1. With each label point set 7 Å from Cα along the Cα-Cβ vector, what nm distance links A29 and H237?
2. When each pair of different Cα atoms in the stretch 85-143 is counted once in the 1/r mean, what is the Kirkwood radius in angstroms, to one decimal?
3. Can you give the local net charge around E47? Use residues other than it whose beta-carbon is closer than 15 angstrom to its beta-carbon, Lys and Arg +1, Asp and Glu -1.
4. Which order do the peptides 87-99, 213-225 come out in when sorted by mean C-beta neighbours inside 10 angstrom, highest first?
5. Applying 1/(1 + (r/R0)^6) with R0 = 51 Å to the Cβ-Cβ distance of K156 and V90, what FRET efficiency is obtained, to the nearest 0.05?
6. Roughly what would the spin-label model give for H117 and D149, points 7 Å off Cα along C-beta, in nm?
7. Which shape class, rounded, prolate or oblate, goes with the stretch 183-237 when its Cα gyration tensor gives a ≥ b ≥ c as root eigenvalues, a/c under 1.5 marks rounded, and past that a/b bigger than b/c marks prolate?
8. Could you tell me what percent of the DSSP beta bridges with both partners in the chain are antiparallel, to the nearest 5?
Amino acid sequence: MPSPIDLHSHSVISDGTLTPSQLVEHAAARGVRVLALTDHDDVAGLEEAAEAAVRHGIVLINGVEISVTWNGRTVHVVGLKISPDHAPLVQGLAAIRQGRYQRAEGMAASLELAGIHGSLQGAHAYATCGIISRTHFARFLVQQGYAKDVSAVFKKYLVKGKPGYQEHRWAPLEEAVGWITGSGGIAVLAHPGRYDLGRVNMLKLLAEFRELGGTGVEVVTASHTPEQYHHFARLSHQFGLLASLGSDYHGPGQTYSDMGRLPDLPANCRPVWHDWPEMRLAA
Ligand code: AMP
Ligand code: MN
Ligand code: MN
Ligand code: MN
């Protein structure tokens, strides 16, 4: 039986392809009972998602996925049960979105040097509802025939050493965790298995994250293999972190898993939702 809980998903407000209402409708149809909308660096979809959740009889958890630079590397921190109008969070996210616009100009200039013209406008045409991201550039590059799909784009473009890559500094870990916890939410380290950190740095990141007020780590996510579920379950115990679960769904036919397909957390995990009253509805 797949888990009825999904605490990581994206709408058109960031780089998903469904509107918040469509996302909630899809989640309900896939058997999800408790859903967190966690758009990258933007909370603008939460109100619409909450209204849709009432219509479809599921629970919507207010979330966000914040882009962070830690030790020169990009990591993602999911905030769950945040208050979307907490001023430091609102201002922090606005600054990240502003940075994204500047980064997009650098990405377009880099693609220009590789002979790819018009990508800033092209990416903006795919990013009309909220943030601009590499995914929007990737969709433009697919449309222009430079790659067969978004995954193929990320092998040839937009990553370090390839055309369209632009160094960027995201929020410091301490600030991102502070905005989340300051708003009454809990901070969860997203898909740790995707960070190419090496063992020592992973332990360092988990220790620092916990120290700064982080609460949980994603154990079951579409980005992890079943082996990684157990690996990060063990690390969550070791660091006194709770375990989270989410699909990282971006829309039909996009990368990562569909909703309503992930297994429950390994039995020995303490879930981030262990004391959430709304989880009675997921039973
Ligand atoms: P950004 O935050 O603008 O750097 O964009 C990151 C987003 O690009 C992620 O949230 C994913 O949705 C997407 N992405 C990153 N790497 C890949 C990949 N290898 N294949 C497909 N999508 C990717
Ligand atoms: Mn994304
Ligand atoms: Mn992520
Ligand atoms: Mn995500």
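Bear in mind that the values in this text are calculations on the coordinates, not laboratory data. All values derive from a computational prediction rather than experimental measurement. Here Cβ is always computed from backbone atoms with ideal geometry, including for glycine, and neighbour counts include all displayed protein chains.
1. Roughly 4.0 nm, to one decimal.
2. Values: mean 1/r = 0.0826 Å⁻¹.
Answer for the stretch 85-143: a Kirkwood hydrodynamic radius of 12.1 Å.
3. Numbers: positive: R55; negative: D39, D42, E48, E51, D85.
For residues surrounding E47, the net value is -4.
4. Ranked from most to least packed, the peptides come out as 213-225, 87-99.
5. Working: r = 37 Å, r/R0 = 0.72.
Once rounded, the FRET efficiency stands at 0.90.
6. 3.1
7. Numbers: a/c = 1.93, a/b = 1.32, b/c = 1.46.
It is oblate, given that a/c is not under 1.5 and a/b is not larger than b/c.
8. Numbers: 12 of 30 bridges.
Given both bridge residues lie in the chain, the antiparallel proportion sits at roughly 40 percent.
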